[in-house]
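Everything on this sheet refers to the single structure shown next.
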Amino acid sequence: MNDFDFLIGSWNIVNRQLTKIFSDSDDWDTYPSSSTCQPVLGGVGNVEEIVFPETGTRGMTLRLFDTERKQWSLYWANSRTGLLYPPVVGTFADGRGDFYGDDTHEGAPIKAHFIWSGITPNSARWEQEFSADGGVTWETNWVMEFTRA
């Protein structure tokens, strides 16, 4: 239940995001953001808000720990749509968190995978990758490098 305790507090983030998904592109945008994460429900979850100053948008992740299954569900929402996207679900093992779920991209079904790694008291890495072929191949499309603010 304490897997995400490292994230509590304020962070500066360098984002690297693929400009076009599923197009064999190697064109990446790099931009800053900042986030604040706080525990909720007595520690059974947390809420993180991310501010993207260059676009004037915000994102929010709600993470909840299923105490019976011993796994996390991670939900994403942003200020562009106001929608809560389907969760990715998973666990941490050996300092790495892997979370999988079903989603859509431009109306087509995809698999999503979030990876947390490189976790220290002052840094962490998050990656998002998508699969359009049911998980046979994966394309990383967004990387966030966190440093403690």
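The values are calculated or read from the model by the stated rules, or taken from the named source; none is laboratory data. Just so we're clear, the structure is a prediction, and the values are computed from it rather than from any experiment. Cβ: placed from backbone, ideal geometry, glycine included. Neighbour counts: every protein chain shown. Calculation scope for accessible area: heavy atoms of the full protein, side chains included, ligands and nucleic acids excluded. Shrake-Rupley method; radii C 1.70, N 1.55, O 1.52, S 1.80 Å.
Just a few scattered comments:
- Members of the stretch 106-119 that are open to solvent by 30 Å² or more (accessible area, probe 1.4 Å), in contact with a strand residue (DSSP E or B) (Cβ under 9 Å, 6 or more places away or on another chain) and either over 21 Å from Phe6 (Cα atoms) or hydroxyl-bearing (Ser, Thr, Tyr) (or both): Pro109, Lys111
- Residue satisfying condition, being more than 20 Å from Phe130 (Cβ to Cβ) and outside any strand (DSSP E or B), within set Thr55, Thr91: Thr55
- Look at (1) open to solvent by 40 Å² or more (accessible area, probe 1.4 Å); (2) part of a strand (DSSP E or B) and you find that Gly82 fails only one, number (2).
One line per residue, one yes/no per condition, for (1) in contact (Cβ under 8 Å) with a residue 60 or more places away in the chain; (2) among the hydroxyl-bearing types (Ser, Thr, Tyr); (3) assigned to a strand (DSSP E or B):
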{"residue": "Ile115", "(1), (2), (3)": "no, no, yes"}
{"residue": "Val136", "(1), (2), (3)": "no, no, no"}
{"residue": "Trp142", "(1), (2), (3)": "yes, no, yes"}
{"residue": "Glu145", "(1), (2), (3)": "yes, no, yes"}
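- Output for the stretch 27-39, where each listed residue is surrounded by 13 or more Cβ atoms within 10 Å (Cβ to Cβ) and either in contact (Cβ under 8 Å) with a residue 60 or more places away in the chain or farther than 15 Å from Ala149 by Cα (or both): Trp28, Tyr31, Ser33, Ser34, Ser35, Pro39
- Some residue of the stretch 19-26 being open to solvent by 20 Å² or more (accessible area, probe 1.4 Å), in contact with a Ser or Thr (Cβ under 7 Å, 6 or more places away or on another chain), modelled with pLDDT of 95 or more and not in a loop (DSSP other than H, G, I, E, B): no
- Residue check, Gly95 closer than 14 Å to Trp116 by Cβ and loosely packed, with under 12 Cβ neighbours inside 10 Å: yes
- Qualifying residue in the stretch 122-130 (condition: touching a Gly at 6+ places or on another chain (Cβ under 9 Å), closer than 18 Å to Phe6 by Cβ and among the charged types (D, E, K, R)): yes
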